[in-house]
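First comes the structure, then the notes that go with it.
The numbers here are math on the coordinates, done by the rules we state, and not lab data. Keep in mind that this is a model prediction, so the values were computed, not measured. Because the Cβ atoms are built from the backbone with ideal geometry, glycine has one as well, and the counts that use them run over all protein chains shown.
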Amino acid sequence: MNILVIGSGGREHSILKKLSESKKVSRLYCLPGNAGTSELAENIGSQFMAQDKLIEFVKNNSIDLTVIGPEQPLIEGYADRFIKEGLNVFGPESKAAVIEGSKAFSKDLMHKYNIPTANYKNFTDYDQAKEYLSKQTVPIVIKVSGIAAGKGAIVCLTREEAEKTLKSMMVDKEFGEAGDEVVIEEFLTGEEASIFAVSDGNYYKILPTAQDHKAIFDGDKGPNTGGMGSYSPAPIINDELMEDIQKSIIAPTFDAMKSENRTYKGVLFVGLMITGEGPKVIEYNCRFGDPETQVILPKYDGDLAELLMEAATSKFTGNEILPAKNEHYLCLVLASGGYPSSYVKGYTIDGLDRRDENTSVIHAGTKVENEKIVTSGGRVLGIVSRGNTLKEAKERSYNFADQIKFKDKYCRNDIGDKGINRYDNK
Ligand code: AMP
Ligand code: GLY
């Protein structure tokens, strides 16, 4: 198989790494990719391609499968075009990708089909939203309905913060059009976990579970980011809970999408809060998570090329929990100081030539400039280690990360601790 992966982050580097381990793969391409993907695939172009040009490339280079990494092209309908051209694509059509593209849609879907989630109300009118907000208690969560790179959900601890947040979204348009509609929802307490279910339109297969670390500072403090680290498995999800999640969330979500004539094919990423009342959906995403992919794919004990091709061509024969390796995986994100606000790019990265059989370096915001690898994004690298325990994986990633140097390098110091405490207290 010749496979093209669209995207340029750690997620895409991880997908290519796993694909490169498949005996079924002959050539790999990445559009546009980063400095890491260029070691496994041919990076084509330095930017995104318009649909016509992309389809032409896919046809001319006998690409058997295109995997669309990020949400934006899915929401814009890139998969629809592939399907129209009779080309194999992994990723949902735009009418199904709306499950991430519009939080207002996904909340209404969950409400209609009794899928557990936080109580909420959607608003397109600022005055009505303000009026509603004045009657709510804090903490409360306010989210832009549209996509905002993981940064559009604000947990407001005080009334003042809530009022300020609502205004910034709906009046000052801090998130642009994404804030034309907002969701105001109940604050849930519990522990978060990420579930990834690959669907072929008829059946689903569940990949290993993961836990993300969304906030920028230790102890889950500060603004949300795309994700500062992850580990797999998520120890909070035991077999019994997974059974419950399938019955109350995964199966009903795919059924609901089918009933709405929005059959979902691709990976559905469900962000969960495990509350005292059971698992509730925090959000859906129409693609793999970043940095969750960096840990769930090495943990998955199977052939990714085969899995994604079977999903794209509707070859599943039943629902299944996919096999997983026994080891623990942890990804530590090294970011540019200043992220998720403003930061400087273009710093040289040193220490990348080190090799270790238990650790791999996944590139996110990197590029080659004057034959050197330099920083080119907020999240720069993911240091992914395996261990017999989560603690061992954590130690390996942190030790390795010490050797990697770039100006203003920033990482959290507590990636994995929540999981490690859970194992220690068992
Ligand atoms: P989202 O973009 O919807 O995934 O939200 C980003 C993050 O905000 C989540 O991972 C949670 O940490 C937090 N969050 C979102 N919604 C809620 C909620 N209803 N209750 C508590 N925390 C939430
Ligand atoms: N790590 C969360 C996301 O990919 O949206």
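Below are the figures for this structure:
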| item | result |
| --- | --- |
| Cα gyration tensor shape for the chain, rounded if a/c is under 1.5, else prolate or oblate | rounded |
| Which of 213, 120, 297, positive extreme of dipole for the chain (C-beta unit charges) | 297 |
| Distance from segment 46-111 to segment 239-262 (C-alpha centre basis), Å | 22 |
| Aspartates and glutamates with Cα under 14 Å of residue 53, excluding same-chain neighbours fewer than 8 positions away | 85 |
| Most to least packed among 368-375, 195-202, 111-118 [average Cβ atoms within 10 Å] | 195-202, 111-118, 368-375 |
| The chain, relative contact order [Cα under 8 Å, separation at least 6], % | 17 |
| Net dipole in debye of segment 337-426 [+1 Lys, Arg Cβ; -1 Asp, Glu Cβ; about Cα centre; nearest 20] | 260 |
| Cα centroid of segment 309-369 to Cα centroid of segment 154-193, whole Å | 29 |
| Computed FRET value (nearest 0.05) for residue 158 with residue 111, which takes r as the C-beta separation and R₀ as 22 Å | 0.20 |
| Cα gyration tensor category, rounded, prolate or oblate, for segment 128-194 with a/c compared to 1.5 | oblate |
| Assigned charges on the beta-carbon of Lys, Arg, Asp, Glu; segment 103-202 dipole about Cα centre (debye) | 120 |
| Percent of beta bridges antiparallel (DSSP, the chain, rounded to nearest 5) | 80 |
| Candidate lysines for bridging to residue 405, where Cα separation is under 21 Å - those fewer than 8 sequence places away on the same chain excluded | 345, 367, 372, 394 |
| Extension gain from residue 149 to residue 392, taking 0.36 nm per residue of separation minus the Cα-Cα distance | 84.4 nm |
| Fewest-first ranking of 8, 376, 14, 134, using other Cβ atoms within 10 Å as the exposure measure | 134, 376, 8, 14 |
| Calculated FRET value between residue 354 and residue 132, using beta carbons and R₀ = 56 Å, to 0.05 | 0.55 |
| Cα gyration tensor shape of segment 330-426, rounded if a/c is under 1.5, else prolate or oblate by comparing a/b with b/c | oblate |
| Cα-centre dipole for segment 220-377 with unit charges at Cβ (Lys and Arg positive, Asp and Glu negative), debye to 20 | 560 |
| Cross-link reach list, lysines versus residue 95, counting only Cα pairs under 18 Å and skipping chain neighbours closer than eight places | 84, 103, 107, 112, 258, 265 |
| Potential extension, residue 423-residue 251 segment - 0.36 nm per residue separation minus Cα distance | 59.0 nm |
